[in-house]
1. When residues of the range 234-253 are filtered for being within 20 Å of Ser176 (Cα to Cα) and either free of Cβ contacts under 8 Å to residues at least 12 places away in the same chain or assigned to a helix (DSSP H, G or I) (or both), how many remain?
2. Give the residue, chosen from Ile52, Ile87, that is at pLDDT below 85 and aliphatic (A, V, I, L, M).
3. Looking only at residues that are in a helix (DSSP H, G or I) and basic (Lys, Arg) in the range 221-233, which one is farthest from the chain's Cα centre (by Cα)?
4. Checking the structure you have, find out if any residue of the range 72-82 is at pLDDT 75 or above, touching a Phe, Trp or Tyr at 6+ places or on another chain (Cβ under 6 Å) and farther than 23 Å from Gln108 by Cα.
5. Can you confirm whether the range 196-217 contains a residue that is assigned to a helix (DSSP H, G or I), modelled with pLDDT of 65 or more and farther than 30 Å from Glu157 by Cβ?
6. Of the residues that sit in the range 118-138 and are at pLDDT 65 or above and not in a helix (DSSP H, G or I), which one is surrounded by the most Cβ atoms within 10 Å (Cβ to Cβ)?
7. Between Val110, Val64, which is at pLDDT 90 or above and among the β-branched types (Val, Ile, Thr)?
Amino acid sequence: MVPTIPGLRFTIVDVRCKDKSGRQFIVEMQMLWTDSFQSRVLLNASKAYETIGKRQTFHLLQPVYALSLVNQNYVLDSDRYFHHYQIVAVNEPDLQIKGLEFIFIELQKVKALSLKEKAPGRLWLLFLSESEQLIEQFSIDWKKYPEIWEAMELLKETSYTKEELESHGRYWDSVSAQKSFIADSLRKGFQQGLEEGKVEGRVVGRVVGREEGREKGIEETQEKTVLRAFQKGMCIEEISGITELSVEEVKTILLKNSLL
């Protein structure tokens, strides 16, 4: 985070994200707990909170959540691993000043968690604390959690030999090339179908109205393209990209044809 005044100290955080509403999330990974780490988390969150333009008003400030994943216990007299801090009134804790919140998670305590409740958040914490033994140690169908499964696959790459990594790269290059070929083919087919739809629309339009016929032809072409792309294994987002339909419109077509 670059300082607003040149010459002042700048700070670097592990991950800084924004959601669609503008809220910021600062994520820090820390092996050892120190008082200076706690102070740095406070400083970084405060700096993130102040990021509005010179001429913008203060009501535009968006909340900042600082999430710190610590590999050492710092609350020694408690079994709780999740510590959520807010700015509250000393004698009236229900009164809160909103804007900054801090979450510290002690990963060493996470290892003792029961897996009876397979909530995604709990599984993510398990991944962070026991990543090397995950697949062998726990009888979980990790493919049901695609984001965690992807993280596992990425983690595997760090242990590849040079030859394995090159082979892995060639495989995914071929997959990308095949997807590009399919997408280009479908896009050309879509454009051709679009022109045919316009022609069909003009013909039908002489009888029942030009605009109605043109729209009908385009809709039929879009539907055929969506179905072909889905049957070739393309995901909904990719289909949306080549047809210029929204994700919801693609889902509607697939539901109509009993494919979802």
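The values are calculated or read from the model by the stated rules, or taken from the named source; none is laboratory data. Every value quoted in this text rests on a predicted model; they were computed, and no experiment measured them. Cβ sites come from the backbone with ideal geometry, for glycine too, and all protein chains shown count toward neighbours.
1. Initial filter on the range 234-253 (within 20 Å of Ser176 (Cα to Cα)): 234-243.
Now drop any that are not either free of Cβ contacts under 8 Å to residues at least 12 places away in the same chain or assigned to a helix (DSSP H, G or I) (or both), which leaves 235-243.
Qualifying residue count for the region: 9.
2. Ile52
3. Filtering the range 221-233 down to residues in a helix (DSSP H, G or I) leaves 221-231.
Narrowing further to those that are basic (Lys, Arg): 224, 228.
Values: Lys224: 30, Arg228: 27 Å.
Step by step, filter the range 221-233, then rank; the result is Lys224.
4. The initial filter retains those residues of the range 72-82 that are at pLDDT 75 or above, namely 72-82.
Okay, now just the ones that are also touching a Phe, Trp or Tyr at 6+ places or on another chain (Cβ under 6 Å), so 72, 74.
With the extra rule that they be farther than 23 Å from Gln108 by Cα, the set shrinks to none.
Scanning the range 72-82, I find no residue that is at pLDDT 75 or above, touching a Phe, Trp or Tyr at 6+ places or on another chain (Cβ under 6 Å) and farther than 23 Å from Gln108 by Cα, so the answer is no.
5. Let us first name the residues in the range 196-217 that are assigned to a helix (DSSP H, G or I), namely 196-217.
Those left that are additionally modelled with pLDDT of 65 or more: none.
No, that holds for no residue.
6. Taking the range 118-138 and keeping what is at pLDDT 65 or above, we get 118-130.
With the extra rule that they be not in a helix (DSSP H, G or I), the set shrinks to 118-119.
Working: Lys118: 13, Ala119: 9.
Selected residue: Lys118.
7. Working: Val110 fails: at pLDDT 90 or above.
Exactly one of Val110, Val64 is at pLDDT 90 or above and among the β-branched types (Val, Ile, Thr), namely Val64.
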